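Enquirer: One structure is given below, represented as structure tokens, and several questions about it will come after.
The values are calculated or read from the model by the stated rules, or taken from the named source; none is laboratory data. Remember, predicted model here, so these are calculated numbers, not experimental data. Quick reminder, even Gly has a Cβ in these numbers, built from the backbone with ideal geometry, and neighbours come from all protein chains shown. Just so you know, the surface numbers come from the protein's heavy atoms only, side chains and all, with ligands and any DNA or RNA stripped out. Shrake-Rupley method; radii C 1.70, N 1.55, O 1.52, S 1.80 Å.
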Amino acid sequence: MTNSMRYLIFLILAGFTGVTAWGQTSTTARPMAVNDTLTEDSTYALQEVVVRTSPVKRKADRFILSVPPAQNKDGVELLQQAPGVWLSDERISINGSSGTKVFVDNREIKLTGEMLIGYLRSLKSDDIARVEVLPMAGADKDADAQGGAIHIIMRRHTDKGFQGNLSMNASFASSLQSYQPSGSLNYHSGKWDTYGFASGTLVPQNKGDLYVTRDYVAGDKGFSSLTRMKQPSRYGTIRMGTVYTMDSSNSLGVELEYVRRGYIWPSQSYSTLSVGPLDMESQGVYRQKETYNMYTATANYIHKLDKDGSVLKLVTDYISKDLHGRNQYQIFQEIGALNKDTVYRSRSNATYQIATADLSWKQQLHKKSFFQIGMKYTYTGMKDDACYEGLEPDESWKPNVAYGYELDYHENIGALYGTYSLDMKRGSVHIGLRGEYTQTSNETERRTRKYWDWFPHIDGNFYFDEIHKWMLIGQYGRYIERPTFSALNPNRIQTSEYSYLIGNPMLRPTYINKFSITLVYNFRYTLTVGGNLHHDLIRQFGKVDRVICEPGISFKIPLIERTQSLPKETLLYDLEASDVITKDKKTMISDSYVLWRITDPLKFAQTLNSSLENSESRINTAVYNATKNVISSLSQDRVITSRDGELSDMVMKAIGDNMEQYGIELIKFET
């Protein structure tokens, strides 16, 4: 018996009209018969296509956060979405490591603290294409980027004509008013792309009261204070630039930027301290004024060597920064029948000149590997000075020499670097090596330091699956933390009424070896374990156990104790000849020497690391400052007539007992 069945086929193919066909089945072995079908072309408009992908991707050495348009967020809000980035009102870091550098289109933003956070808030998501986070900066970055690097890549608009946006954010409260206007304008025509951007933060009202009370165990004591503060501020950024694409292989870009911040902060304080029947009242009126300006000019040239990604790039950058502070303080104290009125003011100025040039060549070997070599030069010049003056009873202002200072430093850093990157099916590797030569000069003290260092770097990734949802990352890098200019300055800088800072010109840089292992899930969630190994951060771990001053036989424990011999005789230190200016503005040459000795070996070891070179540096600073101050208060004739020993006594008196803290006694000074 033969059983057969007819059936209907309905066929739909994308891009064609639907067709029907009849067919028939049979239990016999003969073939199935199907009527001929013919399809026709058809067009169908899809109403919506949704493609879902993770906004965060991980490469060998970085996370990449893609920024879709129309997110209506600023730069800070975008960075808060990036893996490992931590932000506060004054700090930005990656995985908790300080010293993070921020770049916008390969240009380092030379701002810190609140200024940097304010700058990032001025960037809008409509103008940002992506954010790249490097937990460990590679060899192509400066060796002092121990906190990693963040690259913000701005979006290039390709639509012909003008395109722009305006926005305004405002905050209101009983004690705070804040306005944040911003706007951008882009123009694209043929080979030219021109853009402009401006933003600001205006805080006309920001005030508050701080009330403090203290309770003492003794019932006859009490303290209370009230401080009223007003902190209005103004911040603004203007940036404009143009990119000229000569042809498919060459482009040239120029950008100018200006950043300004200013504020005037008046405040008043009232305090009362009661001790038994005696009341001590004080009232303070303070006025702090600060202005900050930064001018930046950047130029870059890019030459594409092939279609695979090989490129030759030159980036130059010049930055000029100046900071000016003008503060005035008035304090009135009333203690019983005794009244005291103190008025003083301070003026501070700081200027920075920073110039960089970076030339690099990246060669794509094949689709998944490349090498890069380059060289970079950075110059930094800094001048910083401060003057403190007190108001005398005759209404004249008298300088407080102990609080004033002058700094003049120049730093030159030259670097060579090379990197190699390889992507494989189950992982990737990125290695690099950087060498840096540093020369730091203290123009005030005429001191120069030079040193050369190597900084290796390696990244390795292992993928657990084909779509890289799970991956394991290992990283290592060597970095440097150079001493700040103020930490190298041997002159005394009074930081407050109760503290002062004296730097060490022989201070060495700190070298940091960083390593980490990171487990990444779903491109975004990370678990990192790592550490930092510091070299020269702590110079020694021992302590002085005993001081032996008498001759004879002494014993030490082998491998545990070590000895250090210090001279007991009187030592001679010949100061370098220097120019000094008298009260009547005459220039004289001071050529001096000092006789000195070590009086307290324990203090000498604890404060100067038992170093004669360090001690001579402190002596040089103390004697030079005292000589300059004394001669500047005398006329040229008086200086000449005081060569009989009176001038030496005046200088020794000006030095006072400052050297006792180092276990040193100055016996005699002659000039």
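Enquirer: What does the convex hull of the Cα atoms of the stretch 204-281 come to per residue, in Å³, rounded to a whole number? Please list the in-between numbers first.
Expert: Values: hull volume 11.2 nm³, N = 78.
Expressed per residue, the convex hull around the Cα atoms of the stretch 204-281 is 144 Å³.
Enquirer: Order these peptides, 305-318, 572-585, by their mean beta-carbon neighbour count within 10 angstrom, highest first.
Expert: Highest-to-lowest ranking by the protection proxy: 305-318, 572-585.
Enquirer: Ok, one more. Applying the Karplus parametrisation 6.51 cos²θ - 1.76 cosθ + 1.60 with θ = phi - 60° to the phi angles of the stretch 644-661, what ³J(HN,Hα) value in whole Hz is obtained for each residue in order, glycine and proline being reported as x?
Expert: Computed from phi, the couplings for the stretch 644-661 are 7, x, 5, 5, 4, 5, 5, 5, 4, 5, 5, 5, x, 9, 4, 7, 5, 5 Hz.
Enquirer: Please enumerate, by chain and number, the lysines with C-alpha under 17 Å from the C-alpha of Lys160, excluding those fewer than 8 residues away in the same chain.
Expert: Qualifying lysines at Cα under 17 Å: Lys191.
Enquirer: Here is a further query. Note down the magnitude of the dipole of the stretch 579-671 about its Cα centre, charges +1 on Lys and Arg C-beta and -1 on Asp and Glu C-beta and zero elsewhere, to the nearest 20 debye.
Expert: Using Cβ point charges on Lys, Arg, Asp and Glu, the stretch 579-671 gives about 240 debye.
Enquirer: Distance check, please: which entries in Lys321/Lys398; Lys628/Lys653; Lys568/Lys603; Lys110/Lys383 exceed 23 angstrom between their Cα atoms? Walk me through the numbers before you get to the answer.
Expert: On the way: Lys321/Lys398 30 Å; Lys628/Lys653 13 Å; Lys568/Lys603 14 Å; Lys110/Lys383 17 Å.
Long pairs (Cα-Cα over 23 Å): Lys321/Lys398.
Enquirer: Over all directions, how big on average is the projection of the convex hull of the alpha-carbon atoms in the stretch 135-245, in square nanometres?
Expert: Over every viewing direction, the Cα hull of the stretch 135-245 projects on average to 13.8 nm².
Enquirer: Another one. Going down the table (Lys307/Lys362; Lys124/Lys376; Lys73/Lys141; Lys59/Lys141), which pairs top 21 Å between alpha carbons?
Expert: In this structure, Lys124/Lys376; Lys73/Lys141 exceed 21 Å between Cα atoms.
Enquirer: Here is a further query. Could you list log10 I(q)/I(0) for the stretch 567-671 at q = 0.24 Å⁻¹, which the Debye formula gives when each Cα is one point scatterer?
Expert: Reported log10 I(q)/I(0), two decimals: -1.27.
Enquirer: A follow-up question, please. What figure, in Å² to the nearest 10, do you get for the accessible area of Tyr270 with a 1.4 Å probe and non-protein molecules left out?
Expert: Answer for Tyr270: close to 80 Å² accessible.
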